[in-house]
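Reviewing the structure listed below.
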Amino acid sequence: MLDVREINTYYGLSHILFDVSLSVHKGEIVCLLGRNGAGKSTTMKSIMGLTPPKQGEITLKGDRVTGCPPYQMCRRGVGFVPDDRRVFADLSVGENLEISARPCQGSDGWDKERVYGFFPALSALDRRRAGVLSGGEQQMLTIGRALITNPDLLLLDEPTEGLAPIIVEMLEEKILELKASGLSVLLAEQNQNVALRLSDRAYIIDNGHIRYQGSIEELRQDEAVRQKYLLV
Amino acid sequence: MELFPSLSFSVLCIQILVGLSKATILFIVASGLTLILGVLRIPNLAHGSLYMIGAFTTYSIATAFSQSNLGFWVALLLAPLVVALIGLIMEQGLFRFLYKRDHLMMLLFTFSFTLVFADLVKLVWGSDYRSLAVPKIFQGSYLLLGMPFPRYNLFLLLLGPLFAAGLWYLTNRTLLGKISRAAAVDREMVGAVGVNVNLVYAAVFVLGCYLAGIGGALVAPTQNISQGMDHSIIIEIFLIVIIGGLGNVWGALLGAVIFGLTDAIGILVAPQFGIVFPYLAVITVLTFRPKGLLKSIW
Amino acid sequence: MLQIKSLRKSFDGFQAVKDANLSVNQGEVVAVIGPNGAGKTTLFNLVSGQLRPDAGSVLFKGEDIRGLSPYQLCRKGMSRSFQIVKIFSRMSVFENVQTAVISRMGKTSNFFTPAGGIAVKETERILEAMGLSGKRDRICGLLSHGDQKVLEMAISLGSDPQLLILDEPTAGMSSEETATTIDLMKRLSGEMGLTILFCEHDVELVFSFSDRIMVMQQGSTIIQGTPDQVRNDPQVKKAYLGGHD
Amino acid sequence: MKTSLRFFCFAALVCCSLLTVSSAFAAKTIKVGIVDTYSGPASTYTNDVRDAFALAAGKINAAGGIFGQQLEFITRDSKFKVDLGLSAAKELVMREEVDILMGTINSSLALAISNFAKQEKIPFLVTFAKSAKITGEKGHRYVFSMNENTAMIGKAAAAGLAKKPYTRYWIAGDDYEYGHAVADAVWENLKQLKPEVKLLGKSWWKVGEPDFTPYITAMLAEKPDAVIIATGGRDCVPFLKAAQATGFNTQVPFYMHTGTEVSTLKPLGLSAPEGVIGTANYHSYYPDTVENRAFVAEFEKAYGRTPAVGALYGYIAAQFISEAYAKAGEVDTEKFIDALEGLSVDSPVGQVTMRAEDHQVMLPMFMGVTTKAAGKSVLVARDIVTISATEAMPSLDAIRKARQN
Amino acid sequence: MIFGIFGKKSLPLVVLFLVGLIFMPYVAPRFYIYLVSAMLVTGLLATSLNLVLGYGGMYQFHHAVFYGVGAYTTALMLTKTSLPTWVAFVSAPLVAAFFGLVIGLICARLSSLHFGMLQISLGSLLWVIVYRWYDFTGGDDGIHGISMPAVISGTTPAYYFILAITALCLLLMFIVIKSPFGRILQALRDNPERCAAIGVNVIRHRILALVVAALFAGVAGSLFVTLEGSVFPDLLFWTLSLEILIMCLLGGWFTFFGPMLGACLIISLRTFAGNYTEYLTLILGLMMMLTIFFLPKGVLGFVNDLFRTRFPGQSLEESSHAPDKISTKII
């Protein structure tokens, strides 16, 4: 599905990503673990084309997509959920979804009804300004907004961050549900519990370098790695 | 002596109506400016020039079709399109490459456009005055409360709400409007949900220019079409946009109404200093609400 | 030195800080931790005068400082760095720090003495302490992010503060840079006796050298206490550290 | 566009011929520097001045020049800006070393150049700036006016209006020097000629006012017998338009200087209001004399358009220059000025004299009322009354008094 | 950076230039002396604008107001009062500075574009007053034929007077820019928030900067009167303000001598191209566009970059603006 090969990304003069490589296969959830500032969001943005890498190559479904602008990435089937949510605050929930809607090739595409069905909490908020929603509601909206573009691959950047535990649980369920429907997910997380529960494979990024890669089982057992790169 | 001795009710009413009909033109032109300001963040000083080009083009088209009675109407249809085309060329040819520059650069860049357009208009149309007759059906005036009120002004007065409604529909009900409202706040994210933002920018710029063209076409029958039209309107509409709140179409409406009314009523109260009133209104507004009356996108 | 009680601030209907409580004593190093969006930066902005709280009290050296502007707070001895670096990008590193020193010396309205010769020693001392001497004449807009972060701290020191507020001082730094920065912070508090209030994501770093830690979630203070107290608090484990199931 | 192109060709030809002639005979030329507004709305008027001057100069040169010296001219565009115009005038004098300065429709610039001309002792012939100060209060030995000024407009208009039956007047106009000066001049003189007139009030609008409807409705509310509109230049057209739209002209008679003039009426075509009382120095169809017809024919042949009032000023300026030099007998500034004082030339509107005392040309004024004429695409003036120059000129006492202050 | 081309090495260059200017009247024709005087006056005006624009980062859209106020003050003092001439020259900058203070007090707390637009609004108000207060300012006719004392009247004496005052003012401005105040001013341009956080009263400094700039603009105004002997409302009109903005940009607004260079370029263009074409504004406009496209730092800025090779290929703009973009997004 997605193959990222040795990308290097800069912000101005600062070199953020160093030869980052990762891949996501169809139907799996891959998580990118790392502390804040480790380069998770930059990796996501580089894939999406928001901060195009200076070197390296990204292929999506076999096509070389390095340097594609974000809108083309989206049309090629990548849905993006940024870490700071970035809902269109002045627009209503419904409008947020409407402007993101893309027609899909298959029959069971996502539309507004299906998003509302998926997140029933949103349907009551249809006409509410997105800027005044609570954090959890905004997070549902950003995921919904990404889904309605009918992606094959979802880039989820810290979806559970700053949310109450109940909502985190709910989101986890939803993400698994999405996986079951055949969607591939690249999940960036610093909360390793969520990541360990959801993913099939994991990468650990630290200071812009991929330090570890392996299956979730391996990671779960490798206390040392987790100690070193992740937490206390 | 300087004051009107009899500030009667009917005079006041007519003044207000006239002020509002003037506000219509200002609103149409200013809304174009505010759209461009809000979505593309270009403080487009060339907007006045586009308005002037609209008026001149209207003149040329209307005279070309002067045999039929429809000359003006054909021009009203075509001239704004010509202006929109110029806008498209400007945006795609030049502005597109400058979005990352800061506002001062943009401002000066658009100012150099006003210089270029001023001379281009002179090259194309020469420096004579042009004047266009009011279309047949709007010639003459109605008697309202015993005062004559030009039919054409009434036409403008009716157009105002129509345009306001149209813009409301456009920004709130159409996809383009919704996208442009979103792009005004977060361009990158709009791209990330699959919208080609460059196209949206071009569309909004063209729309803004189109509105300037319409404004120019609509004033063509009421006043001198001459060089210098750009200078006189651009500061006014900029002030309107500022007091209304940058990038806010309703702000443009409110600002235009304030401008039109203070001007028209100022004439009644102190004819000699009528011109000062709109400026005073702006200063008052900005003293108390530095970001304009309504919500500013900036 | 700094007492914050039930501070509240909302933007446009969104409650960024609901109920924040914090106290910082003279000479302490206090950390604020919490997930992204917990309101840490907003809290700092409320303290240093960038924002005005809706309710609650902020006492600095026993004085109510609500409504004072940042420059007034700076003159009272509070200095801060920002999460997104705010430096004078067209100036050299030396000039950046020197500007802060000039400002502290109250010479900002001096029109005629050449600025280049003022406070050279003190500026150089700060640069030396921060390890920036080698980059003295570089235009700082062109420095690497890590260096800019350090420079930002140096600028704050130029104001000769009693309380130093650092918003994510090590964010975006390489591990070597992070280590140097922590070293620096330790020295600042140890040798110079500075009171430091900072927020940080790197929990390891936080626990390694803070005297006390305050944990925030969704705009509210969960707990403030010593590292051990915080480490063992069940609520914190659940909300932030993730703990081990 | 076409006309300007034709002008350029013509000017180029003139220049080329001048060059060849001057190189052939190695003769000195008499250089006239014209500073005027050639961009922006005012150029409608100034192009006629320049073109008519070029026409006359061509004739003079064709007839052998001024004692064999060719009359050459250089133009500079002031863009209606005083600073640009002034530095252009300085450039003409200092660099191009012109013998005579000419031009400007902008009174402020005319006054500025006049002051400079006085210092440099270069004759300055004003064409089109209408401030009475130029030859009045601020007049001096080196400045001459080739056109009517606000004082003359006032006297002439008052003379004409006094014969009409109106007593209750309203005054409205452009809120700048010209408007106020015309309004005051008309009113002062009218009061003297007809003491029973009453002023109901005044209103002023800014220059470049786009919509006059509010002012007109406000004036109509006061029900005056007649209105004096003291507006000039480009504001005339939109005002007449608004008058037509509101039916102002049918309800209240109003007077406007240049209201009958072709520059004002041409843009409006047949939609110009009828019944407007106006004054002008010149009509291409009046006075219907041989000289005027010949002039119009020449002008139309050269530029393909009807000469407007500016053409008269440009034409007589050239005539005055050539005849003054002829009278002086040599190319010498002081002698030129002495010769020009009191000089008369045969212009398209008859013999006109340069008054020696104040250097103000004595032009007759024609008052008429706009009307549609068969076969013409522009309104013309009917019932034309000629107000002779002597009737319109400000008194020498007034001039002396103004200059003393 | 401040000196323009070669850093401090350009000092001899400046001195050489100055000497050249001092001896110019002995060799050059009168017109060129006048032209250089005009360039100096306009250049001084542009440099004073650059004090707040390039160094202070403020969107000073209507700087010409202070120029006009200075010119009118001198003119009115000379024509309406019998005070000695030097009073007229001293009071011009003071009155201009006073107007700077008033306008500063009203505008300074607004941000960028609002600041500029409110200033245009206030300036237009002042223009209207000058334009129609016939009894006092002479209205749209202006005041002409202002006589100067013999020492400074005539092209060459006026030139020396203008040269001396301009050189003095430039020196003063240079000192101001190098002073702690100037340092804070540049700091304000680069990052007002950081400035506040190091204890600088941002608004007070902005007002102060505006007053200083207005002061020097007032000097330029009174020099204009010396040169031309006339004042008129055009001096306060907003288009003039944008013209001097263009001069700053064209010459290089992050350099000290850039605005002076810009003024010289535009005035020469206007004078010499004006001889050949009516379509001067077209040329000017196209030139501006090219400058903005290819030399965003202006001519001197470009030359500067050529000589500063420390970071070839790296534009400061890109890296320093990235954080701004992020901050606007969050708000």
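Every read-out reported here was derived from the displayed coordinates using simple, explicitly stated rules and does not represent laboratory data. Just so you know, these numbers come straight off a predicted model, no measurement behind them. Backbone-built Cβ (ideal geometry, glycine too); neighbour counts: all protein chains shown.
How big, on average over all directions, is the shadow cast by the Cα convex hull of the stretch C:87-160, in nm²?
Computed as one quarter of the Cα hull surface, the answer is 4.4 nm².
Where does the Debye-calculated log10 I(q)/I(0) of the stretch C:1-139 sit at q = 0.10 Å⁻¹, using only Cα point scatterers of equal weight, no solvent?
So the normalised log intensities work out to -0.45.
Please compute P(r) over all alpha-carbon pairs of the stretch E:46-175, binned at 10 Å starting from zero, and give each bin as a whole-number percent.
Pairs per bin, as whole percents: 11, 36, 34, 17, 1.
Can you tell me the length gained on complete extension of the stretch D:Ala294 to D:Asp338, counting 0.36 nm per residue apart and subtracting the Cα distance?
Extra length available between D:Ala294 and D:Asp338 comes to 12.8 nm.
How big is the antiparallel share of DSSP beta bridges in chain C, given as a percent to the nearest 5?
Rounded to the nearest five, the antiparallel share is 55 percent.
Which net charge results when you count Lys and Arg as +1 and Asp and Glu as -1 among the other residues whose beta-carbon is under 12 Å from that of D:Ile216?
Net local charge, D:Ile216 excluded: -2.
Give the average, rounded to an integer, of partner chain Cβ atoms located within 10 angstrom of each Cβ in D:35-47.
4
Over the whole of E:237-246, what's the average partner chain Cβ count within 10 Å per residue? Rounded to a whole number, please.
The shielding value for this peptide is 3.
Students often check this: by mean Cβ neighbours within 10 Å, which of D:311-318, C:4-11 ranks highest, and how do the rest follow?
Ranking, from highest mean packing down: D:311-318, C:4-11.
For A:Glu169, project a label point 7 Å along Cα to C-beta. Then give me every residue of the stretch A:190-215 with its amide nitrogen under 15 Å of that point.
The answer is A:194.
Please order D:Cys236, B:Cys209 by the number of other Cβ within 10 Å, starting at the fewest.
Lowest to highest Cβ neighbour count: D:Cys236, B:Cys209.
To test your reading of the geometry: what angle, between 0 and 90 degrees and rounded to tens, separates the Cα axis of helix E:85-107 from the longest principal axis of chain E?
It is inclined by approximately 40 degrees.
Seen from all sides and averaged, what is the projected area of the convex hull of the Cα atoms in the protein assembly as shown, in nm²?
Computing the convex hull of the Cα atoms and averaging its projections yields 57.5 nm².
So for D:His359, B:His231, E:His205, fewest C-beta neighbours within 10 Å to most, what's the order?
Least to most surrounded, the residues fall as B:His231, E:His205, D:His359.
So in chain A, what percent of DSSP beta bridges are antiparallel if you round to the nearest 5?
Among the beta bridges of chain A, antiparallel pairing accounts for roughly 55 percent.
Considering only DSSP beta bridges whose two residues both sit in the protein assembly as shown, what percent are antiparallel, to the nearest 5?
50
Once you list every other residue whose beta carbon is under 15 Å from the beta carbon of B:Arg96, what net charge do they have if Lys and Arg are +1 and Asp and Glu are -1?
Summing Lys/Arg as +1 and Asp/Glu as -1 gives +3.
How many Lys pairs in the stretch C:87-245 lie less than 25 angstrom apart by Cα atoms, where the lysines are 8 or more positions apart or on different chains?
Taking the Cα cut-off of 25 Å, the pair count is 7.
Which trypsin sites (Lys or Arg not before Pro) does the stretch D:108-200 hold that lie in a coil by DSSP with at most 12 other beta carbons within 10 Å?
Of the trypsin sites (Lys or Arg not before Pro), the ones in loops of the stretch D:108-200 whose Cβ has at most 12 other Cβ atoms within 10 Å are D:Lys121, D:Lys163.
If packing is taken as the average count of other Cβ atoms within 10 Å, what order do D:386-393, A:174-181, B:79-86, D:249-256 fall into, highest mean first?
The most tightly packed comes first, giving B:79-86, D:249-256, D:386-393, A:174-181.
Going by how many other beta carbons lie within 10 Å of each one, how would you line up C:Thr113, A:Thr42, B:Thr24, fewest first?
The fewest-first ordering by Cβ neighbours comes to C:Thr113, A:Thr42, B:Thr24.
Any idea how far the Cα center of the stretch B:23-84 sits from the one of the stretch A:100-152, in Å?
Each part's Cα centre sits 40 Å from the other's.
Which of rounded, prolate, oblate describes the stretch A:40-80, given a ≥ b ≥ c as roots of the alpha-carbon gyration tensor eigenvalues and a/c under 1.5 marking rounded, otherwise prolate only if a/b is larger than b/c?
oblate
Just checking the output field for B:115-125: average partner chain Cβ neighbours within 10 Å of each residue's Cβ?
Mean shielding count: 6.
Tell me, how many Å apart are the Cα centres for the stretch B:147-203 and for the stretch A:1-44?
Measuring centre to centre over Cα atoms gives 39 Å.
Using the alpha-carbon centroid of each, what span in Å lies between the stretch D:388-405 and the stretch D:133-171?
Answer, in whole Å: 10.
Taking the Cα-to-Cβ direction at D:Lys121 and at E:Ile129 and moving 7 Å from each Cα, how far apart do the two end points lie in nm?
Distance between the two pseudo-spin positions: 4.3 nm.
Excluding residues on the same chain fewer than 8 positions from D:Lys335, give the lysines whose Cα lies under 16 Å from its Cα.
Excluding near neighbours in sequence, the set is D:Lys118, D:Lys121, D:Lys327.
For the pair D:Lys301 and B:Leu77, how long in nm is the line joining their label points, each one 7 Å along Cα→Cβ?
Using points 7 Å along Cα→Cβ, the separation is 4.7 nm.
In this model, which of A:Lys61/A:Lys174; D:Lys133/D:Lys198; D:Lys191/D:Lys266; D:Lys31/D:Lys79 are farther than 29 Å apart at the alpha-carbon?
D:Lys191/D:Lys266
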